[in-house]
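In what follows, a structure is listed as structure tokens, so that the remarks can point back to it.
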Amino acid sequence: MVFLDRIYTKGGDAGLTSLGDGRRVPKTHPRIVAFGTVDELNSVLGLLRTAELDSQLDERLQAIQNDLFDVGADLCVPEPATDAPPPEYPPLRVTAAQTERLERWIDEINQVLEPLRSFVLPGGSPASAWLHLARTTCRRAEVAVWTLKETESASDEVPRYLNRLSDLLFVLAQHCNDQGRSSVLWQPGAGRGESDP
């Protein structure tokens, strides 16, 4: 159980912050950027959940928000060196089962969506617009994790989870646009050489 007795500690006033293993790193460290972007994604989902959503979608988004705290916890504790003794308290790690649950939801929702005939412009209903913002934030979080993995060890399941989540957020955006029937499609080159609307 997490217990927070103080909100500010002044420990980060010099531009450093602590990882889950106690190591102090700059706030610009790729690991901080990665789980900070995951936190940003979670905040977008919180805003999305203030829109009018059906109860199943809202419950799934709440489960995803909880998962994203797991993702942040995973990223916050670096993987130990292979020759290090096992930790007294094993850190929380994202599991394949969490990613597979997203895949099941994608398959379920995709079965009833209108087939895509072009790329989709973000927007439509308010919920769909928020889902597209969440999707692009999720992609940025995934890129931040891959940037981290260029220099440090990190879980392979975390970017896999984020990749599936961005796909799920896309199909959910379609779902919230009358199963894709009211989505606005990209018309390549439609604005070239024409008069203003």
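Would you mind putting 105-111, 37-43 in packing order, based on average other-beta-carbon counts within 10 Å, highest first?
Descending mean neighbour count gives 37-43, 105-111.
Ranked highest first by average number of other Cβ atoms within 10 Å, how do 166-173, 46-53, 140-147 line up?
Ranked from most to least packed, the peptides come out as 166-173, 140-147, 46-53.
If amide H atoms are built 1.01 Å from N in the plane of the peptide, which residues on other chains or at least 5 residues away come under 5 Å of the amide H of Val120?
Excluding prolines and chain starts, which carry no amide H, the hits are Trp186.
Which whole-percent values make up P(r) of the stretch 56-197 when all C-alpha to C-alpha distances are grouped in 5 Å steps starting at zero?
2, 9, 16, 18, 16, 12, 10, 7, 5, 3, 2, 1, 0, 0
What net charge do the residues around Leu48 carry, taking every other residue with its C-beta under 14 Å from that of Leu48, with Lys and Arg at +1 and Asp and Glu at -1?
-2
For Thr95 and Leu116, calculate 0.36 nm times their separation in residues minus their Cα-Cα distance, and state this gained length in nm to one decimal.
Between Thr95 and Leu116, full extension yields an extra 4.4 nm.
Taking θ as phi - 60°, what are the ³J(HN,Hα) couplings along the stretch 27-38 by the Karplus curve (6.51, -1.76, 1.60), each to the nearest whole Hz, with x for Gly and Pro?
5, 8, 4, x, 5, 5, 4, 5, 6, x, 5, 4
We did not get these values from a lab; they are worked out from the coordinates using the rules stated. The shown structure was predicted, so the numbers you read here are calculated from the model rather than taken from an experiment. We place every Cβ from the backbone using ideal geometry, glycine too, and count neighbours over all the protein chains shown.
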